1. Of all the Cα-Cα pairs you can form in region A:413-571, what percent are over 26 Å apart?
2. Dipole of chain B, Cα-centred, from +1 at each Lys and Arg C-beta and -1 at each Asp and Glu C-beta, to the nearest 20 debye?
3. When only DSSP loop residues count, what trypsin sites (Lys or Arg not before Pro) in region A:475-536 have their Cβ near at most 10 other Cβ atoms within 10 Å?
4. Just to confirm my numbers, what's the Cα centroid distance between region A:62-84 and region A:256-319 in Å?
5. Please calculate the 1.4 Å probe accessible area of residue A:647, with all protein chains present, and give it to the nearest 10 Å².
6. Provide a whole-number value for the mean count of partner chain Cβ atoms within 10 Å of the Cβ atoms in peptide B:202-209.
7. Heavy atoms only, 1.4 Å probe, whole protein assembly: order C:49, A:80 by accessible area, highest first.
8. Cα-Cα pairs above 14 Å in region C:14-77: how many percent?
Amino acid sequence: MNVVTRHRRLDAIWASERGFRGWFSTVNHTDLGRMFLVTSFFFFIIGGILAMLIRAQLATPDSAFAGPDIYNQIFTMHGTIMMFLFAIPAFEGLAIYLLPKILGTRDLAFPRLTAYGYWCYVFGGSMLLVAMLLGIAPDSGWFMYTPLSNAIYSPGINTDFWLIGITFVEISAIAAAAEICVSILKFRAPGMTLAKMPIFAWYALVTALMILTGFPPLILGSILLEVERAFGFPFFQVELGGDSLLWQHLFWLFGHPEVYIIFLPAAGIVSTVLPVMCRTTLIGYGWIVAAIVALAFLSFGLWVHHMFTTGIPHMGLAFFSAASTLVAVPTAVQLFAWIGTMWKGRPELHLPMLHIMGFFATFVIGGLTGVMVAMVPFNWQVHDTAFITAHLHYVLFGGFVFPVFAGIYYWLPHVSGRKRFFRLGEFAFWLIFVGFHVTFFAMHWVGLLGQRRRIDTYTPEDGWTLINLISSVGSFVLSIGIAMVLLDVILHVLSSRKIRRNPWQAGTLDWAMMTPPPSYNFASLPHVDSRHPLADNPALPVRLAQGHGYLGTPRADWRETLMVDAATGRPEAHVIYPANTRLPILMSAVTGIFFLGLLLKTYWMVPIGMVGVAGLALRWVWMLGRRDDLGAQHVGQGVILPHASATDRSPGWWGSLFLMFANATLFGCLLFGFAFLWTVAPGWPPLVRFEPSFIELGVGVAAALGTALALRVAMAAVRNARATLPALGIALTGAVVFGACCAVMLWRAPPPVDHAYAATLFVLGSYGLFHAVLIVLMTGHLIARVWQGYTSPARRSEFAVVSLWGDYVAVIGSLVLLVGHLSGLSL
Amino acid sequence: MAPRGVILATTLLALNGCDGATSTLQTAGPAARVIADLWWAMLVGAVLIFMLVMALVVLAFVRRSPDVAADERGQVRVWIIALGLAFPMVVLAVLLGFGLVIGERLLPRDDVTVVQVSAQGQRWVWTFSYADAPGRVTEDILHIPAGQPVDVSITTADVIHSFWVPRLAGKLDAIPGRSNVLRIEADAPGDYQGLSAEFSGENYADFGFTVRAHDAAGWADFIAGETE
Amino acid sequence: MKDLVRILIAPLVWLAAFSAVYGLHGVICGFAVDGTVFGLSLARVLLVTAYVLAILVQVVLLWALYQDRFSSASVFVNFVGRASGWVGVIAAVWTMLPAVLTTYCG
């Protein structure tokens, strides 16, 4: 087979549908990555326009440009859009586009999930846009402090748009994060050990793990606040045993790691692009990996530094002040490693490098002011002033936007296959750089002069007029610069010349393919034995196109790839991906019905949405099944591998593991919230307790454990080709009994509107019940599979997945019942 | 970076003819003064560090010969261990020490001469009451004696607010169901502008108050109910 | 997966210990724990004990990460694992130091 035939055959298998119809059915990571990036930049522009409106309002004192009602929506939406609809999706888009290419494989672990995440993002984001167009956008500030955001002080639908829309969008973050983890650990080119992974993969892996840990607290907080607003469960109402500080803890438990979730991928871009611009390799690879890991963990120990003025005792503040200073150290390690890399090589000031220089200048200032605000006494003065606004823009614009622009200009030739022709980019950079510093530098000062953030106007006597005017002028220069970047990118895509391969002479695998990239990435998969495979062997792209790697021969209509051992990169299993389908967009639309029902308080839509999602999810997994065994396959290079469904650790198992990790974090936060209210909230103990029943507790725990055990028995049975239905039947019964025990707890508990205690108990019970239903559905699916002849020892991987969930439910189910019943004991 | 800011801001102050009524740097009380000193010290340190980093970046471009001598081990020793780890850890340890000591000093401690007042925030009015004058309530003006530490017990009747008198001390929040105590002190008699510094909705921008510090005689008059 | 655990374990344990000590502090202030032990306040004794324990656990972890028995086949993983072991020790000493130094409730 020659190169052209192979390309045609592979492209026929992997390509999306032609034209715009392909957007709705594509599951290809290159397409979806681009769609994610374009959409996120669309939101960036909207967020930017809102920023312009803010600066227009503040340009002069006593401004009559917008009243407080509109202005409050504008700044709330500016923050919300930039954080949730621009920064995180931009990372997801970049990771989705780049990871399989830089890891030397053909797609991410769960192609359909990529598409589902994208559509959840689009639909959730649209909800917020609609709210804005109707003038009923959220207006309590992007961190939604309760009680201001509760039903008493924000009675309109505005806040609900935020809570529900953002939770909808976060589905995409969680989905992408779980997928990125599995893809990096299990879907790499053979031979790529952990030590040989491109540094960007480490950044993406750690960021994804952080999303899985960082987002659940906010999701939980949003659920609790929405339930409080809709049904009056008093989680955050102090008169009824709630506490508004619980919201702040949950929000910042998310909010601080969020800053690093945004910064780390950008730092990953710098670590990838900067060495190429310096014609050398990064120094201290291992040190940087350790620094990233340290940064990730430390960033979870900082959240209270957003709460230094809430009256927490000084020792509590001091812990977080100390941790907030320490987190600067791993950042410094990276910074000096980058500068050292520049000294090691010969830096060339191409456009991406120019943006990296902008990043250095800006981010270092943001880091230094960050250390300042970590000092408790100084924080007491500048908290909630323009100083913080300036600081956070130095960190986020400096630490994210500049590196992302560097990344855009670095990978633009990869996406388009073209060379930059017009030289708008350099000019745009200087407009952005100067505009940014003019806008935000003096803002530090006006903060020290007492200008609070979020004020809609000020008087001439305040003495802030000139600084604000200068700041507003700077912001318009900045936006002209950004508009020029946009124009530059559009002109580039439309009108430039074709490039030769690998224009930057990079050493990573993303450049070892045609540009623009073909739908299948690599005609055959490389065997990697260094961190810079392309630098070691410049002929690699040609060898791969000629089919000299793994899986060089297209078979049937299979989208084939390999799964490898996480540590060593040894090939482990043969994977066939699902092809184009409209199921993801359909499922996210049905998910949208669920959220829309909650938003509009048309609660009859909610169960329709839930049943719809469950039905489509079952269809989703059912599609992957086969009725005959697929034997071990030759994958090239003399390697023969079993299909992934003949293993206990299939992609689905790994995906479940990471999803469970996020789920467990959410559950942990719920338990934390319970303990927090119990110990700290003023309105405790509650007057009425739950009446514990040791029979219900015993039966429920036994049922949960029995389910897990029965599922393990079923797993062993299918492996040894024995009958599985008896064990599955027992598991099903166990799950039903466990669910019944949760339901009884819900039934017998005191009314949840009376006290935060009962309200929390209600959420705990519902969490247990939800998981019982989940296990019932999963076990039911397995039973249907067995009946229809879809299982055998070589088609057994679904048993392992369900068993994993069974184990999880055994643990959390026992905890739910234990906490519920023991909390009723009067000590 | 920062010297430019200092010059700029000073010029602006002059141009505006402003008295810095809400400036954290025109201090009029011990707490604000300590914090302003901390700020100036940190500013100097930050400028030096920033210049060091930028100099290293610029030098990378202008240096003619590449680092042929240094191997990976040497590079790691210089850039990562010395500059990346040791340097920030020393600086940060010192700074953190200062921060904690100052924080301790600003805490409200038991003290017989302390004056007790209460502040309650409510959208959009502050109500003040006085332990020394039971039943006396003022709105949007807090009366205190000058030259004497005052403990303000801060509460809210609705959403979260924050009590902040920039020239006297840092801010402290009014949290539902809680009472937080902030120590303030004014050096001299006079009016000091106070601000509510936690976003509270529609009239947030105008939500402020005045702290009126009296001399000994004025305070005695106030307690006696002779001042309006 | 084991290699990932080697890399993540020390800072993970730090995070757990840090949260636990902060939680302990919250409980002490929330329930106004007072009383004295050997002339020292009970609250301070509890906090300092927790601090010392947290450091000890990190030291033991670091020691284990240097043992052949718990090492990985990969030199790189061992390096990163030990580096994050050091991160754990330093973070424990640094971030929980206020347990010894500052006023606990107030």
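The values are calculated or read from the model by the stated rules, or taken from the named source; none is laboratory data. Quick caveat, the model's predicted, so the values are computed rather than measured. Glycine also receives a Cβ, built like all others from the backbone with ideal geometry; neighbour counts cover every protein chain displayed. The area values use the complete protein model at the heavy-atom level, side chains included, leaving out ligands, DNA and RNA. Shrake-Rupley method; radii C 1.70, N 1.55, O 1.52, S 1.80 Å.
1. Values: 6987 of 12561 pairs.
For region A:413-571, the fraction of Cα-Cα distances above 26 Å is 56 percent.
2. Values: 15 positive and 24 negative charges, 253 e Å.
The calculated dipole for chain B is roughly 1220 debye.
3. Working: sites: A:497, A:498, A:500, A:501, A:531; in loops: A:500, A:501, A:531.
Qualifying residues, ordered by number: A:500.
4. Answer, in whole Å: 29.
5. The value for residue A:647 is about 30 Å².
6. Values: counts 7, 2, 9, 9, 6, 2, 2, 0.
Across the residues of B:202-209, the mean count of other-chain Cβ atoms within 10 Å is 5.
7. Details: C:49 70, A:80 0 Å².
Per-residue accessible area, sorted high to low, gives C:49, A:80.
8. Numbers: 1345 of 2016 pairs.
In whole percent, the long-distance tail amounts to 67.
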